[in-house]
Amino acid sequence: MGQALVAAAKSVSDEVHAHSLHCYFVRAGDPKIPVLYQVDRTRDGKSFCVRSVKAIQHGQPIFICQASFQKTQPSPIQHQFTMPTVPSPTELLTNEQLINKYLRDPNLAEKYRIGLNKMLAQEVPIEIKPVNPPNLYGKVPQEPKQLFWVRARGYIGECDMKLHCCVAAYISDYAFLSTALLPHVQHSVRFVVSLDHSMWFHAPFRSDEWMLYECESPWAGGSRGLVCGRLWRQDGVLAASCAQEGVFRERTSTIPSKL
């Protein structure tokens, strides 16, 4: 998704910035095969530009995206929600620090120990600090809401906002759908996949600086779940909003996993 936005951004002028994207995941991708990004210049207007992007493997689209760009246009009509009150990122542990803390527990069940070590071995380009870490020691249903402090690893710096939007698009997709499963931990889920993802950019931000990611799932049913998210700057400014729908299959389901 972030790479599709990169491809679209290369075809527009420096005078415009990304304000929204709408994506559909139509086929499974193959990480061993290069992806061809086909960009169509759908519209170049006075205020807005629209680009259509297809990600292609084996001659077929695996992902399609509509990205819209806008020239800066100040307006007196503006409002936003209030950022949740949470501990600052300096007061919280990263995912890796939490995992190491859990692994030091001599009473940790072996199945959890194996899973945590696999998570620790993964190279994730995002730093994450959960505000309310999950309970690993019991399957207790929770309200479908999560709060994380997130940022890209490494220094990106002051640059074209399009790049920070691309990185934020990647960040927004990470562990997003898991929010919808929090009330349903008693079910064994064998298949989770994104169907579509939309994002709207509201204010300038730095994706390599801590932002609060507020996630909530207002609905799940029919083997699908909807999750909404908001990315907040530390100064309380709402930087971006997003929404994603995904498919969930239980292990006992007779419906095939392939879409």
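The values are calculated or read from the model by the stated rules, or taken from the named source; none is laboratory data. Small disclaimer: the values here were computed from a predicted structure and weren't measured. Here Cβ is always computed from backbone atoms with ideal geometry, including for glycine, and neighbour counts include all displayed protein chains.
Some points to look at:
- Filter result (modelled with pLDDT of 95 or more, of a type in the set (A, V, I, L, M) and in a strand (DSSP E or B)) within the range 190-230: Leu195, Met199, Met211, Leu212, Ala220, Leu226, Val227
- Residues satisfying the stated conditions in the range 153-165, i.e. more than 16 Å from the chain's Cα centre (by Cα) and part of a helix (DSSP H, G or I): Met161, Lys162
- Between Ala180, Ala168, Ala175, the distinction of being assigned to a loop (DSSP other than H, G, I, E, B) and either under 30 Å from Val16 (Cβ atoms) or touching a residue at least 12 places away in the same chain (Cβ under 8 Å) (or both) belongs to Ala175 only.
- Qualifying residue in the range 69-85 (condition: touching a helix residue (DSSP H, G or I) at 6+ places or on another chain (Cβ under 9 Å) and either of a type in the set (Phe, Trp, Tyr) or not assigned by TED's automatic domain parsing to the domain that holds Val150 (or both)): yes
- Gln186 falls short on exactly one of the conditions (1) in contact with a strand residue (DSSP E or B) (Cβ under 7 Å, 6 or more places away or on another chain); (2) surrounded by fewer than 17 Cβ atoms within 10 Å (Cβ to Cβ), and that condition is (1).
- Within the range 91-131, the set of residues being polar (S, T, N, Q) and loosely packed, with under 12 Cβ neighbours inside 10 Å comprises Gln97, Asn107, Asn117, Gln122.
- Applying the criterion of being farther than 25 Å from Gln244 by Cα and either charged (D, E, K, R) or in contact (Cβ under 8 Å) with a residue 12 or more places away in the chain (or both) to the residues of the range 59-87, the residue that is surrounded by the fewest Cβ atoms within 10 Å (Cβ to Cβ) is Gln73.
- Screening Ile33, Ile56 for residues that are surrounded by 13 or more Cβ atoms within 10 Å (Cβ to Cβ) and either in a loop (DSSP other than H, G, I, E, B) or outside the structural domain of Leu212 (by TED's automatic domain parsing) (or both) leaves exactly one candidate, Ile56.
- Hey, Gln3 closer than 30 Å to Leu147 by Cα, part of a strand (DSSP E or B) and either among the charged types (D, E, K, R) or touching a strand residue (DSSP E or B) at 6+ places or on another chain (Cβ under 8 Å) (or both) or not: no
- For the residues Ala55, Ala9, the requirement of being within 19 Å of His202 (Cβ to Cβ) and under 22 Å from the mean Cα position of the chain (by Cα) singles out Ala9.
- Residues that are of a type in the set (Gly, Ala, Ser) and under 18 Å from Val167 (Cα atoms), drawn from the range 12-59: Ala18, Ser20, Ala55
- Criterion (closer than 27 Å to Glu91 by Cβ and touching a residue at least 12 places away in the same chain (Cβ under 8 Å)) met by exactly one of Arg251, Arg206: Arg206
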